[in-house]
């Protein structure tokens, strides 16, 4: 039976954003499933705050896990990785293993979370005030995504087009309900999470390389892979290397040693 991986996208992402990654995994005999989180992809336009809560997001992931069948490996990127980690903490028996790409357990202190909530609220208001085109231009200019300038122009254009399909009010709701400051920190709970875990980070994404290594000191069953010549979005920047690492882990998720 082939490995089975459920992919959870990040903020401004969608099921469609995994197309190249899914193709690379399929070439390696790995089956994949996806879902659109509240306000993203086919769910763009959703604005009800009740849909943008941790519990609602975990229910969405849980439904996708059931649809994926037995023993899925849960893979989350960025915001999706944060949510995947919360799912593993609550429901470890429902997944076989977990891959976190450029993800963190949240912000450790209430002071940090409060500051981030204020920052996300300001961004949400600017989204509502200025609209999606202005937001996407600002988002793509963040240093976090600088390494993606090396991507072929056609790929960059495709990513931008998908981002522009988002709804400004939906993204604002996601920032308020599912942003880093809105979710509780899991740093203190990492030692209790026994799900076999692969942590992926691009070597040029120094912040998240550091986060991955700090997480690895706390998780019980973990492996870290730093992807050369990549930044925050390794599945887009180095899809072949990303797929090699994910496929190898998904087929035998117990870390060596």
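Given the conditions (1) part of a helix (DSSP H, G or I); (2) buried (at least 17 other Cβ atoms within 10 Å of the Cβ), report the number of the one that residue 155 does not fulfil.
(2)
Sort through 5, 65, 73 and tell me the only one that's modelled with pLDDT of 95 or more, over 20 Å from residue 237 (Cβ atoms), buried (at least 23 other Cβ atoms within 10 Å of the Cβ) and touching a helix residue (DSSP H, G or I) at 6+ places or on another chain (Cβ under 8 Å).
Values: 5 fails: over 20 Å from residue 237 (Cβ atoms); 65 fails: buried (at least 23 other Cβ atoms within 10 Å of the Cβ).
Being modelled with pLDDT of 95 or more, over 20 Å from residue 237 (Cβ atoms), buried (at least 23 other Cβ atoms within 10 Å of the Cβ) and touching a helix residue (DSSP H, G or I) at 6+ places or on another chain (Cβ under 8 Å) holds for just one of 5, 65, 73, which is 73.
Yes or no: the stretch 182-190 includes at least one residue that is modelled with pLDDT under 95, crowded, with 19+ Cβ neighbours inside 10 Å, in contact with a helix residue (DSSP H, G or I) (Cβ under 8 Å, 6 or more places away or on another chain) and in a helix (DSSP H, G or I).
Kept after step one, since they are modelled with pLDDT under 95, are these residues of the stretch 182-190: none.
No, the stretch 182-190 has no match at all.
Here's the yes/no breakdown for (1) in contact with a helix residue (DSSP H, G or I) (Cβ under 6 Å, 6 or more places away or on another chain); (2) more than 13 Å from residue 11 (Cβ to Cβ); (3) without any contact (Cβ under 8 Å) to a residue 24 or more places away in the chain; (4) part of a helix (DSSP H, G or I):
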residue: 120; (1), (2), (3), (4): yes, no, no, yes
residue: 124; (1), (2), (3), (4): yes, no, no, yes
residue: 134; (1), (2), (3), (4): no, yes, yes, yes
residue: 137; (1), (2), (3), (4): no, yes, yes, yes
residue: 145; (1), (2), (3), (4): no, no, no, yes
residue: 170; (1), (2), (3), (4): no, no, no, yes
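Tally time: how many residues in the stretch 1-21 are farther than 19 Å from residue 96 by Cα and either free of Cβ contacts under 8 Å to residues at least 24 places away in the same chain or in a helix (DSSP H, G or I) (or both)?
The qualifying residues number 7.
The values are calculated or read from the model by the stated rules, or taken from the named source; none is laboratory data. Since the structure is predicted, the reported quantities are computational estimates derived from the model, not experimental observations. So basically every Cβ, Gly included, is an ideal-geometry build from the backbone, and we count neighbours across all protein chains shown.
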